[in-house]
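Presented below is the structure to which this report refers.
The values are calculated or read from the model by the stated rules, or taken from the named source; none is laboratory data. No experiment lies behind these values; they were computed from the predicted model shown. Counting neighbours? That spans all protein chains shown, and the Cβs are built from the backbone with ideal geometry, glycine included. Keep in mind that these areas ignore ligands, DNA and RNA; they rest on the heavy atoms of the full protein, side chains included. Shrake-Rupley method; radii C 1.70, N 1.55, O 1.52, S 1.80 Å.
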Amino acid sequence: MSDRREPRLRIVSLLPSATEIVACLGETDSLVGRSHECDHPAQVQQLPVCTQPKLDPKGSSAQIHAQVEQLLQSALSVYQVDVELLKQLQPTHIITQSQCDACAVSLADVEAAVGEFTGHQPQIVSLEPHTLADVWQDIKRVAAALQVPQAAEEAIASLQSRVDACKDATEDLPTEERPRVACIEWTEPLMAAGNWVPELVRLAGGRPVLMEETGKHSPWVQMEQLQATDPDAIVFMPCGFGLERTREAALPLLDRPEWKQLSALQQGQVYFVDGNAYFNRPGPGLVESIEILAEILHPQIFQFGYQNQAWEAASLVAV
(Lines give C-alpha, C1' and ligand atoms only; values in the text may rest on other atoms or scores of the structure.)
Protein backbone atom coordinates (compact mmCIF):
# COMPACT_ATOMS: atom_id res chain seq x y z
CA MET A 1 0.00 0.00 0.00
CA SER A 2 1.41 3.37 -1.02
CA ASP A 3 2.08 6.03 1.61
CA ARG A 4 1.75 8.77 -0.98
CA ARG A 5 -0.90 11.31 -0.01
CA GLU A 6 -3.21 12.90 -2.51
CA PRO A 7 -2.31 16.57 -3.02
CA ARG A 8 -4.49 19.14 -1.28
CA LEU A 9 -4.97 20.83 -4.65
CA ARG A 10 -5.40 19.40 -8.14
CA ILE A 11 -4.48 22.14 -10.59
CA VAL A 12 -4.83 22.06 -14.37
CA SER A 13 -2.97 24.92 -16.05
CA LEU A 14 -3.96 25.66 -19.64
CA LEU A 15 -1.44 28.48 -20.08
CA PRO A 16 2.39 28.32 -19.98
CA SER A 17 2.68 31.53 -17.97
CA ALA A 18 0.11 30.24 -15.47
CA THR A 19 2.12 27.04 -15.04
CA GLU A 20 5.17 29.17 -14.26
CA ILE A 21 3.14 31.22 -11.79
CA VAL A 22 2.03 28.03 -10.02
CA ALA A 23 5.67 26.94 -9.91
CA CYS A 24 6.90 30.24 -8.46
CA LEU A 25 4.28 29.84 -5.71
CA GLY A 26 5.76 26.47 -4.79
CA GLU A 27 2.78 24.43 -5.99
CA THR A 28 4.32 22.53 -8.93
CA ASP A 29 3.54 19.19 -7.28
CA SER A 30 -0.16 20.13 -7.21
CA LEU A 31 -0.34 20.31 -11.01
CA VAL A 32 -2.20 17.32 -12.52
CA GLY A 33 -2.66 18.54 -16.10
CA ARG A 34 -1.29 21.08 -18.55
CA SER A 35 -1.71 22.61 -22.00
CA HIS A 36 0.22 21.36 -25.02
CA GLU A 37 2.49 24.42 -24.71
CA CYS A 38 3.35 24.20 -21.00
CA ASP A 39 6.99 23.11 -20.78
CA HIS A 40 8.53 24.86 -17.77
CA PRO A 41 9.57 23.80 -15.22
CA ALA A 42 10.75 20.66 -16.99
CA GLN A 43 8.91 18.25 -14.69
CA VAL A 44 5.50 19.43 -15.95
CA GLN A 45 6.24 17.86 -19.33
CA GLN A 46 5.31 14.51 -17.77
CA LEU A 47 1.75 15.69 -17.01
CA PRO A 48 -1.30 14.78 -19.12
CA VAL A 49 -1.90 17.21 -22.00
CA CYS A 50 -5.39 18.66 -21.96
CA THR A 51 -5.38 20.85 -25.11
CA GLN A 52 -4.41 20.68 -28.76
CA PRO A 53 -4.27 23.28 -31.56
CA LYS A 54 -6.66 23.00 -34.51
CA LEU A 55 -3.98 24.28 -36.87
CA ASP A 56 -0.54 23.17 -38.02
CA PRO A 57 1.89 24.99 -35.71
CA LYS A 58 4.83 23.90 -37.88
CA GLY A 59 3.81 26.04 -40.84
CA SER A 60 5.37 29.32 -41.91
CA SER A 61 4.37 32.60 -40.29
CA ALA A 62 2.10 33.41 -43.23
CA GLN A 63 0.51 29.94 -43.18
CA ILE A 64 -0.14 30.02 -39.43
CA HIS A 65 -1.67 33.50 -39.74
CA ALA A 66 -3.98 32.32 -42.53
CA GLN A 67 -5.12 29.32 -40.49
CA VAL A 68 -5.83 31.41 -37.40
CA GLU A 69 -7.74 34.00 -39.42
CA GLN A 70 -9.86 31.30 -41.07
CA LEU A 71 -10.76 29.72 -37.73
CA LEU A 72 -11.59 33.02 -36.06
CA GLN A 73 -13.63 34.28 -39.03
CA SER A 74 -15.61 31.03 -38.88
CA ALA A 75 -16.29 31.71 -35.18
CA LEU A 76 -14.33 28.59 -34.29
CA SER A 77 -11.85 28.16 -31.44
CA VAL A 78 -8.18 27.89 -32.38
CA TYR A 79 -7.66 25.22 -29.71
CA GLN A 80 -9.65 22.26 -28.43
CA VAL A 81 -10.00 21.07 -24.85
CA ASP A 82 -10.01 17.36 -23.97
CA VAL A 83 -13.16 17.36 -21.85
CA GLU A 84 -13.01 13.66 -20.99
CA LEU A 85 -9.44 13.96 -19.74
CA LEU A 86 -10.37 16.97 -17.62
CA LYS A 87 -13.16 14.96 -16.05
CA GLN A 88 -10.76 12.13 -15.24
CA LEU A 89 -8.24 14.52 -13.66
CA GLN A 90 -10.90 15.95 -11.31
CA PRO A 91 -9.18 19.32 -10.87
CA THR A 92 -9.93 21.61 -7.97
CA HIS A 93 -8.67 24.56 -10.04
CA ILE A 94 -8.32 25.29 -13.76
CA ILE A 95 -6.22 28.29 -14.79
CA THR A 96 -6.84 29.80 -18.23
CA GLN A 97 -6.90 33.22 -19.94
CA SER A 98 -9.24 35.69 -21.59
CA GLN A 99 -6.67 37.89 -23.27
CA CYS A 100 -6.12 36.41 -26.74
CA ASP A 101 -8.12 33.71 -28.51
CA ALA A 102 -5.25 33.14 -30.95
CA CYS A 103 -2.63 32.51 -28.28
CA ALA A 104 -4.15 29.90 -25.95
CA VAL A 105 -7.35 28.17 -24.91
CA SER A 106 -9.95 30.82 -24.11
CA LEU A 107 -12.11 31.27 -21.03
CA ALA A 108 -15.18 30.44 -23.11
CA ASP A 109 -13.62 27.12 -24.17
CA VAL A 110 -12.92 26.20 -20.55
CA GLU A 111 -16.35 27.25 -19.32
CA ALA A 112 -17.94 25.11 -22.03
CA ALA A 113 -15.81 22.14 -21.02
CA VAL A 114 -16.57 22.53 -17.31
CA GLY A 115 -20.26 22.84 -18.18
CA GLU A 116 -20.15 19.14 -19.03
CA PHE A 117 -18.88 18.17 -15.58
CA THR A 118 -21.20 16.53 -13.08
CA GLY A 119 -20.72 16.76 -9.34
CA HIS A 120 -17.83 18.89 -8.07
CA GLN A 121 -17.13 22.00 -10.11
CA PRO A 122 -13.50 23.22 -10.25
CA GLN A 123 -12.70 26.86 -9.61
CA ILE A 124 -11.75 28.62 -12.84
CA VAL A 125 -9.10 31.32 -12.57
CA SER A 126 -8.84 33.43 -15.72
CA LEU A 127 -5.84 35.70 -16.34
CA GLU A 128 -5.78 38.80 -18.54
CA PRO A 129 -2.50 40.67 -18.06
CA HIS A 130 -1.48 43.63 -20.21
CA THR A 131 1.29 45.16 -18.07
CA LEU A 132 3.93 44.05 -15.60
CA ALA A 133 1.71 45.27 -12.74
CA ASP A 134 -1.08 43.06 -14.09
CA VAL A 135 1.26 40.08 -13.92
CA TRP A 136 1.98 40.81 -10.26
CA GLN A 137 -1.77 40.98 -9.65
CA ASP A 138 -2.27 37.67 -11.47
CA ILE A 139 0.32 36.06 -9.20
CA LYS A 140 -1.64 37.36 -6.21
CA ARG A 141 -4.95 36.16 -7.68
CA VAL A 142 -3.65 32.67 -8.33
CA ALA A 143 -2.09 32.58 -4.86
CA ALA A 144 -5.39 33.66 -3.29
CA ALA A 145 -7.26 30.92 -5.15
CA LEU A 146 -4.70 28.36 -4.02
CA GLN A 147 -4.68 29.83 -0.49
CA VAL A 148 -0.95 30.62 -0.46
CA PRO A 149 -0.94 34.46 -0.29
CA GLN A 150 2.42 34.71 1.49
CA ALA A 151 4.11 32.82 -1.33
CA ALA A 152 2.91 35.51 -3.75
CA GLU A 153 4.35 38.32 -1.64
CA GLU A 154 7.73 36.60 -1.47
CA ALA A 155 7.80 35.77 -5.19
CA ILE A 156 6.84 39.29 -6.27
CA ALA A 157 9.41 40.87 -3.94
CA SER A 158 12.15 38.72 -5.46
CA LEU A 159 11.05 39.43 -9.03
CA GLN A 160 10.66 43.17 -8.42
CA SER A 161 14.17 43.40 -7.00
CA ARG A 162 15.56 42.13 -10.30
CA VAL A 163 13.42 44.59 -12.26
CA ASP A 164 14.65 47.44 -10.04
CA ALA A 165 18.27 46.38 -10.58
CA CYS A 166 17.91 46.81 -14.35
CA LYS A 167 15.98 50.05 -14.02
CA ASP A 168 18.44 51.57 -11.54
CA ALA A 169 21.47 50.67 -13.67
CA THR A 170 20.11 52.58 -16.70
CA GLU A 171 18.08 55.42 -15.19
CA ASP A 172 20.93 57.95 -15.47
CA LEU A 173 21.62 57.25 -19.14
CA PRO A 174 21.03 60.28 -21.37
CA THR A 175 18.34 59.97 -24.04
CA GLU A 176 20.86 59.56 -26.86
CA GLU A 177 22.26 56.45 -25.14
CA ARG A 178 18.83 54.83 -24.97
CA PRO A 179 18.36 53.00 -28.30
CA ARG A 180 15.09 53.31 -30.19
CA VAL A 181 13.87 49.72 -30.34
CA ALA A 182 11.32 48.06 -32.62
CA CYS A 183 10.08 44.73 -31.27
CA ILE A 184 8.51 42.46 -33.88
CA GLU A 185 5.91 39.95 -32.66
CA TRP A 186 5.04 38.44 -36.05
CA THR A 187 6.81 38.54 -39.38
CA GLU A 188 4.24 37.82 -42.11
CA PRO A 189 2.19 39.94 -41.85
CA LEU A 190 4.25 42.34 -39.79
CA MET A 191 3.15 42.94 -36.21
CA ALA A 192 4.74 45.12 -33.52
CA ALA A 193 4.89 43.77 -29.96
CA GLY A 194 2.42 45.46 -27.63
CA ASN A 195 1.00 44.79 -24.17
CA TRP A 196 3.88 44.62 -21.67
CA VAL A 197 6.74 44.74 -24.22
CA PRO A 198 7.07 48.57 -24.48
CA GLU A 199 7.36 48.64 -20.70
CA LEU A 200 10.07 45.97 -20.75
CA VAL A 201 12.03 47.97 -23.32
CA ARG A 202 11.97 51.07 -21.13
CA LEU A 203 12.98 49.12 -18.02
CA ALA A 204 15.91 47.71 -19.99
CA GLY A 205 17.12 51.18 -20.96
CA GLY A 206 15.58 51.52 -24.41
CA ARG A 207 12.90 53.59 -26.14
CA PRO A 208 10.11 51.60 -27.84
CA VAL A 209 8.99 52.58 -31.33
CA LEU A 210 6.16 51.31 -33.57
CA MET A 211 4.26 50.51 -30.37
CA GLU A 212 5.07 52.99 -27.63
CA GLU A 213 2.07 52.68 -25.30
CA THR A 214 2.12 49.95 -22.67
CA GLY A 215 -0.96 47.79 -22.11
CA LYS A 216 -2.42 47.91 -25.64
CA HIS A 217 -2.85 44.94 -27.96
CA SER A 218 -0.11 44.30 -30.50
CA PRO A 219 -0.83 46.17 -33.76
CA TRP A 220 -0.32 45.11 -37.36
CA VAL A 221 2.11 47.49 -39.06
CA GLN A 222 3.20 48.28 -42.59
CA MET A 223 6.78 48.18 -43.81
CA GLU A 224 6.49 51.90 -44.50
CA GLN A 225 5.93 52.51 -40.77
CA LEU A 226 9.08 50.60 -39.89
CA GLN A 227 11.02 52.54 -42.50
CA ALA A 228 9.64 55.84 -41.19
CA THR A 229 10.67 55.12 -37.59
CA ASP A 230 14.02 53.65 -38.73
CA PRO A 231 14.86 52.22 -35.28
CA ASP A 232 18.35 51.93 -33.81
CA ALA A 233 17.69 48.26 -32.97
CA ILE A 234 15.20 45.61 -34.05
CA VAL A 235 14.32 42.63 -31.87
CA PHE A 236 12.37 39.73 -33.38
CA MET A 237 10.19 37.85 -30.88
CA PRO A 238 7.44 36.02 -32.84
CA CYS A 239 4.65 34.69 -30.65
CA GLY A 240 5.13 31.00 -29.90
CA PHE A 241 8.50 30.74 -31.69
CA GLY A 242 11.70 29.60 -30.04
CA LEU A 243 15.10 30.96 -31.03
CA GLU A 244 15.60 28.66 -34.02
CA ARG A 245 12.16 29.29 -35.52
CA THR A 246 12.54 33.02 -34.94
CA ARG A 247 15.77 32.95 -36.92
CA GLU A 248 14.11 30.99 -39.73
CA ALA A 249 11.20 33.43 -39.91
CA ALA A 250 13.29 36.60 -39.77
CA LEU A 251 16.30 35.85 -41.97
CA PRO A 252 14.37 35.93 -45.29
CA LEU A 253 13.06 39.39 -44.41
CA LEU A 254 16.53 40.74 -43.70
CA ASP A 255 17.63 39.78 -47.19
CA ARG A 256 15.01 42.03 -48.82
CA PRO A 257 16.14 45.43 -50.20
CA GLU A 258 13.68 47.43 -48.11
CA TRP A 259 15.00 45.85 -44.91
CA LYS A 260 18.65 46.29 -45.88
CA GLN A 261 18.08 50.05 -46.00
CA LEU A 262 17.21 50.19 -42.30
CA SER A 263 19.79 51.69 -39.96
CA ALA A 264 19.52 48.78 -37.53
CA LEU A 265 20.63 46.33 -40.22
CA GLN A 266 23.40 48.56 -41.44
CA GLN A 267 24.72 49.00 -37.90
CA GLY A 268 24.40 45.30 -37.01
CA GLN A 269 21.73 45.95 -34.38
CA VAL A 270 19.20 43.24 -35.25
CA TYR A 271 18.50 40.46 -32.76
CA PHE A 272 16.55 37.23 -32.48
CA VAL A 273 15.12 36.15 -29.12
CA ASP A 274 13.24 33.14 -27.79
CA GLY A 275 9.84 34.77 -27.60
CA ASN A 276 8.04 31.56 -26.71
CA ALA A 277 10.02 30.96 -23.52
CA TYR A 278 10.23 34.59 -22.44
CA PHE A 279 8.54 37.60 -24.04
CA ASN A 280 5.25 35.95 -25.07
CA ARG A 281 4.58 34.55 -21.58
CA PRO A 282 3.17 37.11 -19.14
CA GLY A 283 4.45 35.46 -15.98
CA PRO A 284 7.64 35.39 -13.91
CA GLY A 285 9.68 34.97 -17.11
CA LEU A 286 9.06 38.61 -18.05
CA VAL A 287 11.76 39.55 -15.55
CA GLU A 288 14.23 37.42 -17.50
CA SER A 289 12.92 39.13 -20.65
CA ILE A 290 13.91 42.52 -19.21
CA GLU A 291 17.37 41.17 -18.42
CA ILE A 292 17.68 39.78 -21.96
CA LEU A 293 16.81 43.17 -23.46
CA ALA A 294 19.18 44.93 -21.08
CA GLU A 295 21.99 42.60 -22.10
CA ILE A 296 21.24 43.24 -25.79
CA LEU A 297 20.89 47.02 -25.54
CA HIS A 298 23.61 47.75 -22.98
CA PRO A 299 26.27 45.02 -23.08
CA GLN A 300 28.73 47.38 -21.41
CA ILE A 301 26.52 47.33 -18.30
CA PHE A 302 24.84 43.92 -18.26
CA GLN A 303 26.24 40.42 -18.69
CA PHE A 304 23.59 37.96 -17.52
CA GLY A 305 24.71 35.08 -19.75
CA TYR A 306 21.62 34.77 -21.92
CA GLN A 307 23.41 35.22 -25.26
CA ASN A 308 23.27 32.21 -27.61
CA GLN A 309 20.72 30.57 -25.33
CA ALA A 310 17.86 33.06 -25.22
CA TRP A 311 19.05 35.53 -27.87
CA GLU A 312 21.53 35.98 -30.68
CA ALA A 313 22.71 38.79 -32.93
CA ALA A 314 21.59 38.53 -36.55
CA SER A 315 24.96 39.94 -37.64
CA LEU A 316 26.60 36.74 -36.38
CA VAL A 317 24.22 34.51 -38.35
CA ALA A 318 24.82 33.78 -42.03
CA VAL A 319 22.09 35.36 -44.18
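With R₀ set to 35 Å, the beta-carbon distance separating residue 87 from residue 248 gives a calculated FRET efficiency near 0.35.
Couplings 3J(HN,Hα) for region 257-265, derived from phi with the Karplus relation 6.51 cos²θ - 1.76 cosθ + 1.60 (θ = phi - 60°), are x, 5, 7, 4, 7, 6, 4, 4, 5 Hz, where x marks Gly and Pro. The calculated Kirkwood hydrodynamic radius for the chain is 20.5 Å, given to one decimal from all distinct C-alpha pairs.
Explain nothing, just the number: relative contact order of the chain, from Cα pairs under 8 Å at least 6 residues apart, as a whole percent.
15
What's the magnitude of the charge dipole for the chain around its Cα centre, counting Lys and Arg as +1 and Asp and Glu as -1 at the beta-carbon? Answer in Debye, nearest 20.
Using Cβ point charges on Lys, Arg, Asp and Glu, the chain gives about 460 debye.
Angle of helix 243-254 to the longest C-alpha principal axis of the chain, folded into 0 to 90 degrees and rounded to 10: 30°. For the chain, DSSP calls about 25 percent of its internal beta bridges antiparallel. With θ taken as phi - 60° and the Karplus curve 6.51 cos²θ - 1.76 cosθ + 1.60 applied, the whole-hertz 3J(HN,Hα) list for region 233-238 is 9, 10, 10, 8, 9, x Hz, x standing for glycine and proline. Across region 228-272, Cα pairs under 8 Å and at least six residues apart give a relative contact order of 59 percent.
The count of lysine pairs in the chain whose Cα atoms are under 29 Å apart, excluding pairs fewer than 8 places apart on the same chain, comes to 8.
Report the relative contact order of region 277-319, percent, no decimals, based on alpha-carbon pairs under 8 angstrom and at least 6 residues apart.
Computed over region 277-319, the figure is 24 percent.
Projecting the Cα atoms of 191, 303, 273 onto the charge dipole of region 168-319, computed from C-beta unit charges around the Cα centre, puts 191 farthest toward the positive end. When the surface is traced with a 1.4 Å probe over the full set of protein chains, residue 271 keeps roughly 20 Å² accessible.
Using the Cβ-Cβ distance between residue 60 and residue 216 with R0 = 22 Å, the FRET efficiency computed as 1/(1 + (r/R0)^6) comes to roughly 0.25.
Set the Cα radius of gyration of region 166-319 against 2.2 N^0.38 Å, with N its number of residues, and you get 0.93.
Let me make sure I get this right: for region 86-238, a, b and c are the square roots of the gyration tensor eigenvalues over alpha carbons, sorted descending. Under 1.5 in a/c it's rounded, otherwise prolate if a/b > b/c, else oblate. Which is it?
In terms of gyration-tensor shape, oblate.
Compared with the dominant principal axis of the Cα atoms in the chain, helix 132-146 is inclined by about 10°. Computed extension gain for residue 266 through residue 158, at 0.36 nm per residue and net of the alpha carbon distance, reaches 35.0 nm.
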